[in-house]
Amino acid sequence: MIAIIDYKAGNLGSVARAINHLGFECRITHNAKELLGADRVIFPGVGSAGQAMQDLKRMDLDQAIYDLYESGKPFLGICLGTQIILEESEENQTACLGLLPGTVKRFPMPLLSDGGKYLKVPHMGWNQVKLKRLHPVFKDVAPESEFYFVHSYFPAPKGVETIIGTTEHGITFTSVLGKRSLIAVQFHPEKSGPPGLTILKNFCLWEV
Amino acid sequence: MLSKRIIPCLDVRDGKTTKGIKFKENIDIGDPVQMARFYYEEGADEIVFYDITASSDQRDIMIDVVRGVAEEIFIPFSVGGGIRTIEDMHRILLAGAEKVSVNTAAVLNPTIISNGANAFGSQCIVLGMDVKKVKTTNKIPSGYEIWIHGGRTSTGIDALAWAKEAEKLGAGEICLNSMDADGTQQGYELELTPLISENVSIPVIASGGAGNINHMYDVLTKGKADAALIASIVHYGTYTIKQIKEELHARGVKMRMAW
């Protein structure tokens, strides 16, 4: 069974609908025991880092997430779920889970393109991911594929070993990161059309 | 680098679209779920639904439409029309929409923007603006005025000031409709659109006036729009979305070409 971690952060239903559409069963849950019993786990989220960390702690889910990471089960972070696996976020100056070393930073303002045009924040819309190395979750995803992003903060992992893919928006930021059984994406695969669905399907079948 | 978005807009009344697709025999014309699926497969980057149902007791039909669409398409879609309260927003988002758009309700009660952004995040809250060109006055220095109630009531509010205010309140995006250009098929409003887009940091979707691909090229380049809303030119089969994207891409506009 695939568990989707429910900590009241955003629309978990769209992740569940995409997983079901692909023919996999999933359960949205905030029960730590149920999460630890799942075969694989998705950690989604929209909203602010401060609120998310408060909710995770209040619901005693922070320890469950450490345990899940240690267990080596496939673990997928999405958007805010990706950011708060790092050590700390500039958003509300929040101490985060620290599964991977690094921080979460805000896009600098003003943000300019190569051609000197002003870019907008939030980074909202479709953009590409340049893979730094191959990963089973990106199998059969064409390199020119685009994914749906919506965020004002971005993951800034420490060191290069956890960086899997990067994206350009005025700056080059890490949009895919991971280590062992953990893979985390800044975009929304559940809203990224067929290539996003391919990523979710690969995750559902991933044998670490 | 972000792609510019092409967004078909569907008006829905009592659960049926008011304009069907004319060129595709096997589509159940008027079924918003089928139409959304069709545009999704054609490469639409997002879809906008406007619920123009007149009677409020018929609004539950729209919730069913949203649920149906969410099962079929895996790109963002937004729903506007008749959203008056945080509870209205909640029901639409829970049914599977990515975003809700508010227009009249936000002008009458701007806190719906901040309350909505606090409850669901700014990325969910789109400000719809219906704008008409007027004489520049002290009260309306930009020369563009906000109208509400589907464009039937003037407000005396300056469009540029309102866009900035809504951004401060927490709107995540603006859907900017020029009432002067709307329905003309003579091109988007190319003065209003950059005026708003260059003075807010949130994305602006240009709406009203699309008659051909050149119009879309203009608004996405000179017009500084982040996205272009289209209706008739795709509903009536003048162009397919794929055709539009291929031509804009060939002319150097960054488009999402693989899906």
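The values are calculated or read from the model by the stated rules, or taken from the named source; none is laboratory data. Remember, it's a predicted structure, so these values are computed and weren't measured experimentally. Every residue, glycine among them, receives a Cβ derived from its backbone with ideal geometry; neighbour counts consider all protein chains shown.
So the values come out like this:
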read-out: Matching option when the condition is within 14 Å of chain A (Cβ to nearest Cβ), within 25 Å of A:Ser48 (Cα to Cα), of a type in the set (Gly, Ala, Ser) and crowded, with 24+ Cβ neighbours inside 10 Å, among B:Gly116, B:Gly128; value: B:Gly116
read-out: Count - residues of segment B:210-239 that are β-branched (Val, Ile, Thr) and modelled with pLDDT of 95 or more; value: 4
read-out: Single residue of segment A:147-178 satisfying the filter (of a type in the set (Gly, Ala, Ser) and farther than 19 Å from A:Arg133 by Cβ) that is surrounded by the most Cβ atoms within 10 Å (Cβ to Cβ); value: A:Gly170
read-out: Output for segment B:77-103, where each listed residue is within 14 Å of another protein chain (Cβ to nearest Cβ) and assigned to a helix (DSSP H, G or I); value: B:Met89, B:His90, B:Arg91, B:Ile92, B:Leu93, B:Leu94
read-out: Condition check for A:Lys132: surrounded by 13 or more Cβ atoms within 10 Å (Cβ to Cβ), at pLDDT 95 or above and of a type in the set (Lys, Arg); value: yes
read-out: Members of segment B:241-259 found to be under 14 Å from B:Glu42 (Cα atoms) and surrounded by fewer than 18 Cβ atoms within 10 Å (Cβ to Cβ), listed by number; value: B:Lys242, B:Gln243, B:Glu246, B:Met257, B:Ala258
read-out: Residues of segment A:72-108 satisfying the condition of being of a type in the set (Ser, Thr, Tyr) and touching a residue at least 60 places away in the same chain (Cβ under 8 Å); value: A:Thr82, A:Ser89
read-out: Where a residue in segment A:188-201 is of a type in the set (Val, Ile, Thr) and its partner, wherever it lies, is assigned to a helix (DSSP H, G or I), with Cβ under 8 Å and at least six apart; value: A:Ile199/A:Val137; A:Ile199/A:Phe138; A:Ile199/A:Pro189
read-out: Residue, surrounded by the most Cβ atoms within 10 Å (Cβ to Cβ), within segment B:1-32, restricted to residues that are within 14 Å of another protein chain (Cβ to nearest Cβ) and at pLDDT 95 or above; value: B:Ile6
read-out: Strands (runs of 3 or more DSSP E) within segment A:1-94 that include 1 or more residues buried (at least 24 other Cβ atoms within 10 Å of the Cβ); value: A:2-5, A:40-43, A:75-78
read-out: Residues that are buried (at least 22 other Cβ atoms within 10 Å of the Cβ) and within 14 Å of chain A (Cβ to nearest Cβ), drawn from segment B:207-225; value: B:Leu220, B:Gly223, B:Ala225
read-out: Residues within segment B:164-195 that are under 28 Å from B:Asn115 (Cα atoms), crowded, with 22+ Cβ neighbours inside 10 Å and without any contact (Cβ under 8 Å) to a residue 40 or more places away in the chain, tallied; value: 1
read-out: Yes/no for B:Ile157 being modelled with pLDDT of 95 or more, within 20 Å of B:Ile125 (Cβ to Cβ) and under 16 Å from the mean Cα position of the chain (by Cα); value: no
read-out: Candidates A:Leu12, A:Leu35, filtered to the one that is within 18 Å of the chain's Cα centre (by Cα) and within 17 Å of A:Phe187 (Cβ to Cβ); value: A:Leu12
read-out: Qualifying residues in segment B:181-196 (those that are outside any loop (DSSP other than H, G, I, E, B) and within 12 Å of B:Ala159 (Cβ to Cβ)) - the one farthest from the other protein chains (Cβ to nearest Cβ); value: B:Leu192
read-out: Extreme residue, nearest to B:Phe120 (Cα to Cα), among residues of segment B:59-76 that are out of contact with any strand residue (DSSP E or B) (no Cβ under 9 Å at 6 or more places or on another chain), in a helix (DSSP H, G or I) and of a type outside the set (Lys, Arg); value: B:Ile63
read-out: Any hit, segment A:149-161, residues being in contact with a Leu (Cβ under 9 Å, 6 or more places away or on another chain), within 14 Å of chain B (Cβ to nearest Cβ), farther than 28 Å from A:Tyr66 by Cα and outside any loop (DSSP other than H, G, I, E, B); value: no
read-out: Residues of segment A:179-202 classified as surrounded by fewer than 24 Cβ atoms within 10 Å (Cβ to Cβ) and more than 14 Å from every other protein chain (Cβ to nearest Cβ), total; value: 5
read-out: Matching residues, segment A:118-142, being within 9 Å of chain B (Cβ to nearest Cβ) and either β-branched (Val, Ile, Thr) or assigned to a loop (DSSP other than H, G, I, E, B) (or both); value: A:Lys120, A:Val121, A:Pro122, A:Ala142
